Amino acid sequence: MSEFASPTSGAHRQPARRCIEIARALDDDALAALGNRGLVRRARKDLDRAAPHVEGSEGDRLVVRVEDVTVHLASNPAASTCSCPADGVCRHVLVAWMFLAACDLPAAPDGAADATPIAGAGPLSEALAVTDAELRAHHGVAALRRANAELSAGLEVDARRIDAGVLAVPEWNVEVRWVPGAGLSGTLCSCHAPTCLHRVVAVVGLQVAKGGRTLDAEPSPRSESAEAPRSRDELLAAVGLTLVDCVEPGLCRLATSTVDRLRTLGTSAHGVDLPRLERELQGLAGELESLLARSASASSESAALRCARLDALRRALSKSAHTDLTGEHRRRFVRVGTLSLVGLGAECFTTASGYSALVCYFWDAKAQRFATWSEARPRGAQGFEPSKRLVAPGPWQGCRSPLDAATHRGRLTGAWIARDGRLSARTGVRYERLAPTDVTDVPAVRAWPELGAVARRTFANGLAGASATESLVLLHPAKWQVRGFRDVEQHWLARIEDGDARVLDVRLPYTEATQRGIRALEARTFTPETRLLGRIRIERGATTIEPISFLDRDGVLSVSAVARGTLRAESPDASQESGPVAADSERPGDAADVAEGEEDDVLADADAELPLASGEGGLIFACERLRGELVDYVERGTRIPAPGRLLALGAELGHVAGMRTLAAAVARLSEEPSSAVRAERVLSAVYLLDQTVRLIAVEQAVAAGE
């Protein structure tokens, strides 16, 4: 500690002690929020050249001489002033605070006891004591109302460092710092604004997390347009009738006019501000269109599940127009300043509804979460092909190509990001490439039981849905057992172990998009340093991983986005490749999910279909049999009575497994003579069974992993 050089009178010692305690709480990040990082670096150099000295005090301010100027330090650091001509906080102010941080506390004035810190009870107690009246007085009524809305919508505040006075809002890439004893007016925000929404969100979020308050209101439901040709109630009723017209005659007797009606209803949903319903309608229309075209990727089971989910959403919307149910037309991006991104790979795919997409994956080092950038167009759109876009310039100024960004560590300046981690490519965002991706830059999962929380969040979520990055995991296996490509299964297979020898299967399907990646994997050497970025799946009652990319010291290999000419020389040529000619690489998704534009969610609903476990026994197998009977009934139509086998299976699950709610839903199919009502009830039973199976499969998979 430096010796506190000052006059001998004790009049100035009280403000001196207070300023020293505050200075000790100001680290370089706090000083950067007070000024900027450039000023902090320069102030450090100035401090090394010449030490300031304390001249005295004026009221509650401490007077410090720095070089040839006079600095007046206040309990609120942002209110400190300097006699130099610079506006705002200058380097002299920062030098003065740095100097005081290294000083010893002077003796208490007039021999007073100094056991209690002058700074106050601590950041946590002070922040919890802030009232709404103070928040409104300092930041305005609108800011408090907006903070309540954002927190109700799911915005999170990280209070793990509150003891050090730090409250973070990772989604917005900001940190609010509580200066001891300075109160709400003395808080510092990394956005540098004197008043801002971030401070209000941080304080209210902390109070909610600690149980000191409840949020004032739920997010305001989206209201329907007054100029829409039909009301929401009329639209929801029409959707219900259309679903009955799909199921009553049976999916095997589907009419083209029904698909057209669904697309028209999707347009109407847009008019009454129900974007999520619009996406579901357009997605179901695309699914049924594939059925009519006898496409190889079409599935009656998938179509039945989509009908059931749409019916469940329709019923929920008839009771509540909450934002989570209505959805958003366009993703809302917020400016977050500078991001440090680590490229984790890229993915090219085509959705079942006919859109081609390119997605790049990143790790946001500060927010400690995954981030994505994507671009999608209707398949066959002129001038767009994912594999070519992968190596074209962009998406940001200074970026050589998406492939380059996805394989390097870089800095994104002026970045805009959405709540789900989607990055915007709007004008003004600049990318600076720093170095190739280092596998040690990103925290990876090493123990497979940790995947249980990801599985529950991804699959067992009801109508809540999951964001594009919910199912992503980065794994660091302790041991690799590569089985390679299997002709019979048409998958590239591997088995990975964690440190406790728990096993996890990796399964990469053979498609047009992955065939070149599989060739590269056949020639790749896997070491204990190899990491895997993948998407969690539930198959055969166990957790499996569908790989997106592999990372090691040789770089990043994206299995569906291998640029032409980048395969190793030792890779086998096409004539040596196992497997038939692959169909188009398809991922479940809605047409509206991948509509043109950067705000479109090209990965939404990617995990909608949960593969079921198979086997000769067990609860999952019994549910699978019932599900097959229900789907078969939907395919044949409800104009015939419910088959006895279907009713018996439902009763068996109710009696043996205790699934009384599900059994009652199946039993109601035999109680109604109307085929239209049976169509509504079978959709309810399909949805209820699907959610039940998801919960069972996830819990069984998690238990198997443990």
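The values are calculated or read from the model by the stated rules, or taken from the named source; none is laboratory data. As the structure is a computational prediction, the values presented were derived from the model and not from experiment. Cβ: placed from backbone, ideal geometry, glycine included. Neighbour counts: every protein chain shown. Side chains included, ligands, DNA and RNA excluded: accessible areas come from the protein's heavy atoms. Shrake-Rupley method; radii C 1.70, N 1.55, O 1.52, S 1.80 Å.
Structure data summary
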quantity	calculated
Neighbourhood charge, 14 Å Cβ-Cβ cut-off, centred on residue 72 and excluding it, Lys, Arg +1 and Asp, Glu -1	0
Theoretical gain in end-to-end length, residue 260 to residue 479 [0.36 nm per residue, Cα-Cα removed]	73.6 nm
Where 370, 459 fall by accessible area, highest first, once all protein chains stay in place (1.4 Å)	370, 459
Neighbour net charge for residue 340 - beta-carbon separation under 10 angstrom, K R +1, D E -1	+1
Accessible surface of residue 301 - all protein chains present, 1.4 Å probe, nearest 10 Å²	80 Å²
Directionally averaged projected area (convex hull, Cα atoms, the chain), nm²	37.3 nm²
Candidate residues 339, 47: accessible-area rank, largest first, probe 1.4 Å	47, 339
Nonlocal amide H pairs with residue 66, under 5 Å, H built at 1.01 Å	71
Percent accessible area from carbon and sulfur atoms, the chain, protein chains only, probe 1.4 Å	49 percent
Calculated Rg and Dmax of the stretch 634-706 using C-alpha coordinates, Å	14.0, 48
Summed side-chain charge close to residue 25 - residues other than residue 25 whose Cβ falls under 13 Å, Lys, Arg +1, Asp, Glu -1	-2
Computed [θ] at 222 nm, helices only, for the chain once each DSSP H run of length n ≥ 4 contributes -39500 (n - 2.57)	-11000 deg cm²/dmol
Gain upon complete extension [residue 366, residue 146; 0.36 nm per residue less C-alpha separation]	76.8 nm
Relative frequency of Cα-Cα separations exceeding 19 Å in the stretch 138-191, percent	33 percent
Derived scalar couplings ³J(HN,Hα) [the stretch 420-431; Karplus, 6.51 cos²θ - 1.76 cosθ + 1.60; whole Hz; x for Gly, Pro]	8, x, 6, 8, 8, 10, 5, 4, x, 7, 10, 10
